[in-house]
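Working notes for the structure below.
The values are calculated or read from the model by the stated rules, or taken from the named source; none is laboratory data. All of these numbers come straight from a predicted model, not from anything done at the bench. Every residue, glycine as well, gets a Cβ built from its backbone with ideal geometry; the counts of neighbours run over all protein chains shown.
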Amino acid sequence: MCIFCKIVTKEIPSNMVAENESFYAFHDINPKAPVHVLIIPKAHYDSFRDIPGDVMGKMTTFMQNVAKEVGIDESGYRIISNIGDDGAQEVKHLHFHLLGGTHLHWGHFSDANSKDFL
Ligand code: AMP
């Protein structure tokens, strides 16, 4: 079982933000912004490549609600999903990074240290 599946089953503790029957949101253990929440489906998909469109539709609504829940809906935010090797995906369970709480820079995408948001 992968690390995020173990977070879903609570075998590994996490700092939960929200959940419903299908999705789970929790604070990233190594935040790159004042708000850095990971949003995952409870069912295992290796990456964004694998999630069916109808499930993604429901996940979109959940992510919008999480952004409201953590208070960044009005100020703005960024959603990122790293996919596969070139996407620098480390955990092979689909997750979206929800980042906000500050004015995020954009140029880091061309930097070697591409995950430094601040
Ligand atoms: P990625 O590089 O897109 O696969 O991102 C994986 C993310 O998972 C990183 O931002 C890690 O800090 C985060 N992460 C890994 N293990 C945990 C954990 N146990 N609890 C919370 N976040 C985690």
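Does Gly57 satisfy the condition of being of a type in the set (Gly, Ala, Ser), out of contact with any Leu (no Cβ under 8 Å at 6 or more places or on another chain), modelled with pLDDT of 95 or more and not in a loop (DSSP other than H, G, I, E, B)? Considered against the rule, which asks whether it is of a type in the set (Gly, Ala, Ser), out of contact with any Leu (no Cβ under 8 Å at 6 or more places or on another chain), modelled with pLDDT of 95 or more and not in a loop (DSSP other than H, G, I, E, B), Gly57 comes out as yes. Is it the case, given these coordinates, that His103 is more than 11 Å from the chain's Cα centre (by Cα) and surrounded by fewer than 15 Cβ atoms within 10 Å (Cβ to Cβ)? The answer is yes for His103. Exactly one residue out of Glu90, Glu21 is within 11 Å of the ligand (Cβ to nearest atom) and charged (D, E, K, R): that is Glu90. A count restricted to the stretch 62-103 and to residues that are hydrophobic (A, V, I, L, M, F, W, C) and over 17 Å from Asn20 (Cβ atoms) stands at 7. You will find that of Ile7, Ile12, Ile29, Ile40, the residue that is without any contact (Cβ under 8 Å) to a residue 40 or more places away in the chain, within 15 Å of the ligand (Cβ to nearest atom) and in contact with a strand residue (DSSP E or B) (Cβ under 7 Å, 6 or more places away or on another chain) is Ile7 and no other.
When Ser22, Ser14 are checked against the criterion of being of a type in the set (Ser, Thr, Tyr), touching a helix residue (DSSP H, G or I) at 6+ places or on another chain (Cβ under 8 Å) and surrounded by fewer than 17 Cβ atoms within 10 Å (Cβ to Cβ), Ser22 stands alone in meeting it.
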